[in-house]
Amino acid sequence: MKDAEEVLADKDADQAAVDAAVKALADAQAALKQAGLPYDDVTEGAWYYDAVAYNYYAGTMTGLKPDHFGPADTLVRAQFAAVLHKMNGEEKVEYTDKFPDVRESDWYKDPVLWAEANEIVTGYTDTKLFGPNDDVTREQMATMMYRYAKDYKKYEVSEGGDYSSFPDADSVQTFAQDAMKWAVKEGIIQGKTIDGVLCLDPQGSANRAECATIIQRFMEKYEK
């Protein structure tokens, strides 16, 4: 698959090489789908099955264990940084003590420092900590993806979105307002039903199934 992707990225490749690369990718994808997912907690028919499969094949979200995805587990900030890092080849980063709670021996050192160096993530203003094991909130996810798309990848992102129809619209914090408008306008975040009411739930956490769905929506729109 890697060889085929390199051919497709080569602007000088001839048509025969491109056709062979397309076929190789299609065959590999078909083989993966036929083999199914390795997770014993993700069954076909579950609302999140396709999103988990999409991320599994793309290599953007892996299981908590080889046979366990953990769809209902909440996602922490370090894990979300790792998703974005995987979308960019998992670049190695020289360690710096940018955050007091990110040590050189931590598994998330590269993702967090890579994301910080590219202005995708920041620490908490009051403590300067990153909070790697804090649950990532929905407005934080929107903000990280917005910075990633607009500032790091230089994608053309839409402006002028509106989330005022949600009953908790006023609870979106200032730092996340532009990002949330974009995420709602593009359908990347579509609201969350709480007590029968569709809300933004900006300070609410997202479980791994929800994150997989949000990442799939983002990648299908921007990472084609």
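The values are calculated or read from the model by the stated rules, or taken from the named source; none is laboratory data. Keep in mind that what you see is a predicted model, and the values were worked out from it rather than measured. Here Cβ is always computed from backbone atoms with ideal geometry, including for glycine, and neighbour counts include all displayed protein chains.
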* Based on what the data block shows, is F69 at pLDDT 95 or above, over 21 Å from N207 (Cβ atoms) and aromatic (F, W, Y)? -> no
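For the range 107-119, how many residues meet the condition of being among the aromatic types (F, W, Y), under 21 Å from F218 (Cβ atoms) and assigned to a loop (DSSP other than H, G, I, E, B)?
Initial filter on the range 107-119 (among the aromatic types (F, W, Y)): 107-108, 114.
If we keep only those that are under 21 Å from F218 (Cβ atoms) too, we end up with 108, 114.
This time we only want the ones that are assigned to a loop (DSSP other than H, G, I, E, B), so: 108.
Residues in the range 107-119 being among the aromatic types (F, W, Y), under 21 Å from F218 (Cβ atoms) and assigned to a loop (DSSP other than H, G, I, E, B): 1 in total.
For T43, state whether it is under 22 Å from S205 (Cβ atoms), polar (S, T, N, Q), assigned to a loop (DSSP other than H, G, I, E, B) and at pLDDT below 95. Give the steps one after another, and end with the answer.
Values: under 22 Å from S205 (Cβ atoms): no; polar (S, T, N, Q): yes; assigned to a loop (DSSP other than H, G, I, E, B): yes; at pLDDT below 95: yes.
Answer is no for this residue.
Yes or no: the range 46-53 includes at least one residue that is under 26 Å from E116 (Cβ atoms), in contact (Cβ under 8 Å) with a residue 24 or more places away in the chain and of a type outside the set (G, A, S). Walk me through it before giving the result.
As a first pass, look at the range 46-53 and keep what is under 26 Å from E116 (Cβ atoms): none.
Looking through the range 46-53, none of the residues is under 26 Å from E116 (Cβ atoms), in contact (Cβ under 8 Å) with a residue 24 or more places away in the chain and of a type outside the set (G, A, S).
Tell me whether the range 60-71 contains one or more residues that are among the aliphatic types (A, V, I, L, M) and over 20 Å from the mean Cα position of the chain (by Cα). Working first, answer last.
Here is the first cut: in the range 60-71, the ones among the aliphatic types (A, V, I, L, M) are 61, 64.
With the extra rule that they be over 20 Å from the mean Cα position of the chain (by Cα), the set shrinks to none.
No, the range 60-71 contains no residue that is among the aliphatic types (A, V, I, L, M) and over 20 Å from the mean Cα position of the chain (by Cα).
Could you check the range 155-188 and list, in sequence order, the residues that are of a type in the set (D, E), in a helix (DSSP H, G or I) and surrounded by fewer than 16 Cβ atoms within 10 Å (Cβ to Cβ)?
Listed by number, the list holds a single entry, D170.
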* Asked: Among the residues of the range 74-106, which ones are of a type in the set (G, A, S) and assigned to a loop (DSSP other than H, G, I, E, B)?
  -> G89, S105
* Selection from the range 62-79 of residues that are exposed (fewer than 14 other Cβ atoms within 10 Å of the Cβ) and of a type in the set (D, E) -> D67
* Scanning for something without any contact (Cβ under 8 Å) to a residue 12 or more places away in the chain and under 28 Å from A46 (Cα atoms), does the range 196-203 turn up at least one residue? -> yes
* Which pairs have Cβ atoms under 6 Å, sit 6 or more apart or on different chains, and link a residue in the range 75-91 that is on the phi > 0 side of the Ramachandran plot to one that is in a loop (DSSP other than H, G, I, E, B)? -> none
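For the range 131-147, state whether one or more residues are in a loop (DSSP other than H, G, I, E, B) and more than 30 Å from P38 (Cα to Cα). Don't jump to the end; show me each part of the working.
Taking the range 131-147 as the starting set, the residues that turn out to be in a loop (DSSP other than H, G, I, E, B) are 131-134, 136.
Then drop every residue that is not more than 30 Å from P38 (Cα to Cα), which leaves 131.
Yes: the range 131-147 contains one or more residues that are in a loop (DSSP other than H, G, I, E, B) and more than 30 Å from P38 (Cα to Cα).
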